[in-house]
Amino acid sequence: MRIPKITLRKEWVLLLLLAAGVPPLQAQVTNLGELVVTPGTQFSIVNDFNNTATATFINDGEAFIYAHFNNDGNVDFTSGESGYTRFEGTAVQQLSGGNISYFYDVLFSNGANDTASFELNSEISIENEANFYEGIVESSSNGLVIFENNATHTNTYDRSHVNGEVQKNGNTDFEFPIGDKQLYRYAAISAPHSNSDIFTGKYYFENSNTTYPHVNRTGIVELIDDAEYWTINRDSGNSAIMVTLSWNSATTPEAITALPLEDHLHIVRWDTASGLWVDEGGVVDDINNTITTLVEVETFGVFTLARVKSESLLPDDVVAYNAVSPNGNGKNDYFLIDNIQNLPNNHVEVFNRWGVKVFMTKDYNTNGNVFNGYSNTKSTFNTENLLPTGTYFYVISYDHISNGKTERVKKSGYLYLSTD
């Protein structure tokens with residue numbers, strides 16, 4: 001028997017109770033075929049809605065979902081249309097299913113539970129806008145909220161956001177509507193370079209020290225936020241982006257946001273390769289309580305806030321660390337120079353104590369061209385053997401651009417190499 005297509009062509013509210021004879025509180029609306037809500041039409045379901053594996057639900061109008069929503073089939077909207085799906089229950093609503101649900105506009109409005117009014121156990125995609133009017137969306141390990149290119153969100157706050165991972169597709173800048181433990185604490189990224197790029201973000205209201213020890217940090221980092229952290233990952237593409245983190249007195253320790261902020265409050269990232277927290281710089285916006293990295297980040301993972309030793313900074317937040325021990329333990333294996341990799345026309349040279357150049361490169365810290373105890377000046381040294389332990393001398397230079405003018409910055413100092 002062929003399942004008929006149900007198309008609503010008038011402005012009305014349709015209540016489907018397919019389980020005949022069953023009390024309304026126990027009834028479930030089951031779609032087995034094709035259900036289309038046309039533009040200008042309202043569709044309402046007061047009981048659980050189950051879109052089966054063989055079914056299609058197209059919303060080009062306005063759909064009101066007052067109970068649980070499950071999708072194992074196809075949930076979508078017609079290209080060029082602007083369907084609005086409104087989740088407006090009075091009890092906790094479960095959003096589940098094995099297939100991704102595609103929505104144009106979505107409303108989350110449910111104040112039933114302070115912890116989570118929406119339990120997300122599937123993937124949902126938002127093409128245009130998500131209105132977080134009321135109710136936290138708790139995303140499980142199987143749940144994911146996806147914002148397509150140019151998609152936005154409104155009304156996010158402590159009682160309405162996503163507690164879990166959020167994915168952002170495309171080449172537009174984006175604020176991740178994320179939080180944890182009833183606290184909204186967003187992170188943002190600048191526009192990636194490609195429409196095919198995919199980034200994900202999540203906020204944790206917990207101390208990162210257990211997994212990422214705060215004692216393991218580069219010398220510029222003085223104090224690390226021990227109450228919260230974020231993860232920002234690039235899941236597809238190769239774009240570098242700038243990262244923005246927010247702070248709030250309800251979550252961020254006073255010692256981190258103590259005055260003065262400028263040149264002291266920075267973003268730090270856990271560098272898996274070195275096993276260290278490294279400085280990513282930051283421009284402070286104390287009006288909006290945000291801080292943004294100065295240069296584009298190329299490596300992703302765990303980020304948080306920190307206080308740094310401002311007296312050690314060069315222009316563009318360049319910091320050189322003067323110890324190299326290439327013993328393979330993942331710590332100080334190469335000459336670390338924070339934030340130099342994206343600066344124009346950078347040069348790094350290393351000399352021994354007799355003034356003989358043992359290393360030189362342009363575009364330092366990209367494509368692995370770092371000083372790790374080996375010489376790259378073949379005419380003078382054997383490039384296959386480690387240089388001897390001792391004190392060396394380095395020179396760093398790069399272009400610093402300010403107010404439309406370019407200034408050449410040059411920094412020299414001592415470097416201790418341990419190869420024993």
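The values are calculated or read from the model by the stated rules, or taken from the named source; none is laboratory data. These numbers come from a predicted model, not from an experiment. Note that each Cβ is placed from the backbone with ideal geometry, even for glycine, and that neighbours are counted across all protein chains shown. Heavy atoms of the whole protein, side chains included, go into the accessibility calculation; ligands, DNA and RNA do not. Shrake-Rupley method; radii C 1.70, N 1.55, O 1.52, S 1.80 Å.
In table form, for the structure just shown:
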| read-out | value |
| --- | --- |
| Among (1) 1.15; (2) 1.08; (3) 1.24, the entry derived from the coordinates for Cα Rg over 2.2 N^0.38 Å | (3) |
| Rounded percent of accessible protein surface that carbon and sulfur make up, region 79-232, 1.4 Å probe | 39 |
| Candidates Ala227, Ala55, Ala273, ranked by Gaussian network fluctuation over the chain, Cα under 10 Å, top entry | Ala273 |
| Straight-distance crosslink candidates among lysines, where the alpha carbon sits under 25 Å from Lys181 and sequence neighbours closer than 8 are dropped | Lys168, Lys202 |
| Heavy-atom accessible area per residue - the chain, 1.4 Å, Å² | 46 |
| Sequence-separation-based contact order of region 187-307, relative, with Cα cut under 8 Å and 6+ spacing, percent | 32 |
| Of all accessible heavy-atom area on region 261-347, the percent that carbon and sulfur account for (1.4 Å) | 45 |
| Built amide H within the under 5 Å cut-off of Phe176, gap 5+ | Ala187, Ala188, Ile189 |
| Three-way shape call for region 317-373 based on the alpha-carbon gyration tensor, with the a/c threshold at 1.5 | oblate |
| Calculated FRET value between Lys331 and Asp158, using beta carbons and R₀ = 25 Å, to 0.05 | 0.05 |
| Label-point gap, in nm, between Asn403 and Asp114 - each point 7 angstrom along Cα→Cβ | 5.2 |
| Full-stretch length increase - Asp72, Asn171 - with 0.36 nm per residue and alpha-carbon distance subtracted | 32.7 nm |
| Proximal lysines to Lys362, defined as alpha-carbon separation beneath 22 angstrom and excluding residues fewer than eight positions away on the same chain | Lys378, Lys405, Lys410, Lys411 |
| Residues of region 282-321 with amide N under 15 Å of a point placed 7 Å along Cα→Cβ from Ala240 | 282, 293-300, 316-319 |
| 5 angstrom amide H check on Gln28, placed H, neighbours 5+ away | Leu18, Ala19 |
| Amide H within-cut-off set for Ala63, under 5 Å, with H built and near neighbours excluded | Phe43, Tyr84, Thr85, Arg86 |
| The chain, relative contact order in percent, only Cα pairs under 8 angstrom and at least six apart counted | 7 |
| Net charge dipole size for the chain [Lys, Arg +1 and Asp, Glu -1 on Cβ; Debye, nearest 20] | 880 |
